[in-house]
């Protein structure tokens, strides 16, 4: 397919490289910053642009992959188009694209960091469209780059995005709070790495309700008090420890 | 060495199996429940006991691996012993073993679940003792089963345990809150697995401060509001979402 990518961030980068690798033609990469457009365009043999007046009108697929809260402004700036116009956002409904006669969503469900490679074949892709034929077309396209493609409504996609905030963004923040806890005690974050890997590894086979360990899951009040006292000089860690401990205690 | 294991839980099981595999002799396994003592004793060729009167007095090493808040009661029930008496708890100081002339700590820093195998060679082990010669002896023993052995004070071990609560126990709870979020929307927890794996994978090479993604790290107030509204009927998820989002926002 002839594809135009709007955006040059992490998702735009990983997705357009995966499509390029499947011999699709990335015609243009748009970014507000021509330098950023150019960085990505060079990787996928595309023309970099930073002005919507230069946007090709005859591409088959447009993929808007910008910050969620920028999508509506990008849409306003775009001309009417005949091709399928999609976005890649979990928590934005299909309706933000209502001005286009052919709209869709192509949501790759993974955490992308620019300098960390991702095996796209293992990334679930959630598809939605305002037209059954285009749903099929987008699902077929997604299957070329991913082994896990499902159709999902805007509501389901929103719920999955919330789940992802817990399972990824908040998890990473827990890693960060752990790192901060170690900073003062002369111990290295390295020590946590086998634990982090094993914690993620266990839920490959078991449900999180089966793999919960730690003082709260044992209702070990002695250790909980000790930890809470030790965190008195770190009010934020203290508050998070308290709330999450109570949340675990409610489930045992 | 001739070793007695006191306890039959996850840590006792994994640790005694690792020592047994290195040709150490597990003489006895104590548990309040003879059935539990027997389960583990059979795996490591030991005598199962459930009464401290039967405890061998001439073992070289005793490893107390029971729930943290039970250690003090176990210690009271034990006779004076000449061998080195150790515990395996992160947040319990060495001083709980003061009644023994030779005391130590052998803290395997990992999350153990009975039915999930662990490669013990990758488990960091933290050693402490009241006697330099025994510190060396315990570190040598630990190095036979683990590639990552360090000496650490009770204070350092306590801080590491708190960090582990964040990086493991609270992380697992985030997985659980994510699973609960999906339950109502007809989507499978399976969808989260690549994301969970990648989130853990990224911090192998990068600091958690570099790998943070998501609405809060982008200060995307539109999505944050949408998520918070969607969670109004789940007060607990709502409260956790709010607190952790604010905690991330403070760091951007």
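What the table below lists for this structure:
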item: Selection status of residue A:158, farther than 17 Å from residue B:190 by Cβ and assigned to a helix (DSSP H, G or I); result: yes
item: Given (1) free of Cβ contacts under 8 Å to residues at least 24 places away in the same chain; (2) touching a helix residue (DSSP H, G or I) at 6+ places or on another chain (Cβ under 6 Å); (3) in a helix (DSSP H, G or I); (4) more than 30 Å from residue A:92 (Cβ to Cβ), index of the condition residue A:185 fails; result: (3)
item: Residue ID - surrounded by the fewest Cβ atoms within 10 Å (Cβ to Cβ), chosen from residues in the stretch B:112-144 that are assigned to a helix (DSSP H, G or I) and either touching a helix residue (DSSP H, G or I) at 6+ places or on another chain (Cβ under 9 Å) or at pLDDT below 90 (or both); result: B:121
item: Some residue of the stretch A:84-100 being under 19 Å from residue A:3 (Cβ atoms), touching a helix residue (DSSP H, G or I) at 6+ places or on another chain (Cβ under 8 Å) and at the interface with chain B (Cβ under 10 Å from one of its Cβ atoms); result: yes
item: Helices (runs of 4 or more DSSP H) contained in the stretch B:1-80 and holding at least 3 residues under 24 Å from the mean Cα position of the chain (by Cα), at pLDDT 95 or above and not assigned by TED's automatic domain parsing to the domain that holds residue B:109; result: none
item: Flag if residue A:245 is more than 7 Å from chain B (Cβ to nearest Cβ), closer than 24 Å to residue B:239 by Cα and either surrounded by 15 or more Cβ atoms within 10 Å (Cβ to Cβ) or touching a residue at least 40 places away in the same chain (Cβ under 8 Å) (or both); result: yes
item: Enumeration of residues in the stretch B:218-242 that are under 25 Å from residue A:11 (Cα atoms) and either part of a helix (DSSP H, G or I) or facing chain A (nearest Cβ under 7 Å) (or both); result: B:218, B:220, B:221, B:222, B:223, B:224, B:225, B:226, B:227, B:228, B:230, B:241
item: Filter pass, residue B:210 being surrounded by fewer than 20 Cβ atoms within 10 Å (Cβ to Cβ), outside the structural domain of residue B:16 (by TED's automatic domain parsing), in contact with a helix residue (DSSP H, G or I) (Cβ under 6 Å, 6 or more places away or on another chain) and in a helix (DSSP H, G or I); result: no
item: Single condition residue A:199 does not satisfy, out of (1) more than 7 Å from chain B (Cβ to nearest Cβ); (2) touching a helix residue (DSSP H, G or I) at 6+ places or on another chain (Cβ under 8 Å); result: (1)
item: Qualifying residue in the stretch B:174-182 (condition: in a loop (DSSP other than H, G, I, E, B), touching a helix residue (DSSP H, G or I) at 6+ places or on another chain (Cβ under 8 Å) and more than 7 Å from chain A (Cβ to nearest Cβ)); result: no
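The values are calculated or read from the model by the stated rules, or taken from the named source; none is laboratory data. Please read all numbers here as calculations on a predicted model, not as lab measurements. Cβ coordinates were reconstructed from backbone atoms using ideal geometry, including for glycine residues, and neighbour counts include every protein chain displayed.
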